[in-house]
């Protein structure tokens, strides 16, 4: 049996520290070895206890969680899970943390929530097992250059991602030109975070990126991100393809679910689609990607070496859903090769 994941809980609220600790200690595979109320206490605790994983509050006195995370990733890189308020400001800060190198994020519960931090223990265990190489960040991140002279064909692109998906999606989508193929994405993310993420992607990328709305027509040069919350993102209407937000329970523990999106793309577009599964925990998207491949779509999976968590892509690969695996840096270019008009003959 593997040793329990050793966790340090950092939050300025004693109540929140107690809640997080109680949730984590309910899992026998997690061991909360310490708590800290601010960055100074956390720094001393990290030195003394050498935890496997740190849960880190965004808003703290003396030094906020974002600044402290930068110091951790520079001086002592390790898996960190951000704990954030479910507000637009909290979402912006959390997204910045994920780009700096945080492993994942969870939202703070609302008053009266029945199952606060429902998947936190699973995220902690995945972080402790992660093969990710935490290295000092480069002095300056240089965004990739979007492909020039791209002639778009008629394919729809569908992408699914989870843990590590923020960095992965930025890497892939920054290579898309302004006239990219219509692209739909389901990224597992708390409600309120997806709007901030879509806005951030829109600033960073050449195409228009927006949170998907029900009835939004799929257009060249536009990318649609599934909103977090109560509905699944699907696509419909072959004559005029558009986004549909549909009701339904969680699938594979998620709503929105990658499987639901991929299933709808397989039915709508068949061979005129490309499915891409990126880093993430669990198996969401694997069965849907297999359905896409059986329908004639081209399918791509992120390879193990470049995944933060090789979960979703691994299951998809083992099912035979993935036509070919690529390192993250090559996926954007591969999507464009497949979807370019010059590769489609008459298209």
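Tell me the residue from 168, 121, 93, 97 that is in a helix (DSSP H, G or I), modelled with pLDDT of 85 or more and closer than 20 Å to residue 33 by Cβ, please. Steps first, answer last, please.
Numbers: 168 fails: closer than 20 Å to residue 33 by Cβ; 93 fails: closer than 20 Å to residue 33 by Cβ; 97 fails: closer than 20 Å to residue 33 by Cβ.
Going through 168, 121, 93, 97 in turn, just one is in a helix (DSSP H, G or I), modelled with pLDDT of 85 or more and closer than 20 Å to residue 33 by Cβ: 121.
Of the conditions (1) touching a residue at least 60 places away in the same chain (Cβ under 8 Å); (2) closer than 20 Å to residue 255 by Cβ, residue 194 fails just one. Which one is it?
All conditions pass for residue 194, except number (1).
Which of (1) touching a residue at least 60 places away in the same chain (Cβ under 8 Å); (2) in contact with a helix residue (DSSP H, G or I) (Cβ under 7 Å, 6 or more places away or on another chain); (3) not in a loop (DSSP other than H, G, I, E, B) is the odd one out, the single condition residue 333 does not satisfy?
Status for residue 333: all satisfied but (2).
Given the conditions (1) surrounded by fewer than 24 Cβ atoms within 10 Å (Cβ to Cβ); (2) at negative phi, and given that residue 320 satisfies all but one, which numbered condition is not satisfied?
Result: residue 320 fails condition (2) only.
Which of the numbered conditions does residue 234 fail, given that it passes all the others? Conditions: (1) without any contact (Cβ under 8 Å) to a residue 40 or more places away in the chain; (2) assigned to a helix (DSSP H, G or I).
The number of the failed condition is (2).
Do we have residue 135 as over 19 Å from the mean Cα position of the chain (by Cα), at pLDDT below 95, outside any helix (DSSP H, G or I) and over 21 Å from residue 96 (Cα atoms) here? Outline the logic, then answer.
Working: over 19 Å from the mean Cα position of the chain (by Cα): yes; at pLDDT below 95: yes; outside any helix (DSSP H, G or I): yes; over 21 Å from residue 96 (Cα atoms): no.
Answer is no for this residue.
I need a count of the residues in segment 172-196 that are at pLDDT 95 or above and in a helix (DSSP H, G or I).
Qualifying residue count, segment 172-196: 2.
The values are calculated or read from the model by the stated rules, or taken from the named source; none is laboratory data. If you're wondering where the values come from, they're calculated on a predicted model, not measured in any experiment. Please note: Cβ atoms are built from the backbone with ideal geometry, for glycine as well, and neighbour counts cover all protein chains shown.
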